[in-house]
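Taking it in order: structure first as structure tokens, then the write-up.
The values are calculated or read from the model by the stated rules, or taken from the named source; none is laboratory data. Values in this document were obtained by computation on a predicted structure and should not be read as measured data. Neighbour counts run over all protein chains shown; Cβ positions are idealised from the backbone, glycine included.
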Amino acid sequence: MVACLGLGFALAANQLSPRGLSLTKNYSPAGIAPVVPAVKSGSDNGTNGGTNLMDAESVLGELKANGLQVASSNQVAAWFGDPRRQTHQIVFVDGRPEDDFKGGHIPGAWLFNVYEEEKYAATVVPVCQAVEVVVVYCESVDCDDSLSAAVKLRERGVPNAKLYVYAAGMAEWLTTGRPVETGPRDSGQYVKTAP
């Protein structure tokens, strides 16, 4: 009885909320197969207290199967330091949820969470269409939100030739000691990371 009342209340609140989810909409981008983590061969099969390790070849294959270009760590570092980033010709796009983004993102990155696509598209898509390079990322190789975000941007008219996916994402960015901005985009609030 309590569960039924709770479900009824949740459905009613979702329906009345301007940010409610459509119960009939498919929030999975069309034509994208999920990236499935693979266990690497060798002594660590994911049972040493961690999660399964992603097979890098599987990730690269999934990106290429969707016609997307992969950005290496060196390319990303070079683009971040490139003067064209300061003149907004190179942009970074974060595909993670807003809370994760506010917790720490690549400085100046635009938020484009595909699960709330309509909330961000009107702002982010024109920016991406006007620049030379768009680098899309999410948490790590275990996260396929960067793949989904890049496909959604392409579907909205961002040329594939300028789209790159930084598959290693924030996990690698943090381990390299690069700057991390917290709060909203261009907040000027930075946290120190250790390499």
> If you go through the range 114-140, how many residues are surrounded by fewer than 22 Cβ atoms within 10 Å (Cβ to Cβ) and out of contact with any Leu (no Cβ under 7 Å at 6 or more places or on another chain)?
Replying inline: 17
> Which of the residues spanning the range 80-114 are part of a helix (DSSP H, G or I) and without any contact (Cβ under 8 Å) to a residue 24 or more places away in the chain?
Replying inline: GLY81, PRO83, ARG85, GLN86, GLU98, ASP99, PHE101
>> If I go through the range 135-180 residue by residue, how many of them are of a type outside the set (A, V, I, L, M) and in a helix (DSSP H, G or I)?
In response: 12
>> Return the residues of the range 136-147 that are under 8 Å from the mean Cα position of the chain (by Cα) and within 15 Å of LYS64 (Cα to Cα); say none if nothing qualifies.
In response: VAL136, ASP144, SER146, LEU147
> Does GLU139 fit the bill of being among the acidic types (Asp, Glu), in contact with a Ser or Thr (Cβ under 9 Å, 6 or more places away or on another chain) and either at pLDDT below 95 or under 30 Å from VAL191 (Cα atoms) (or both)?
Replying inline: yes
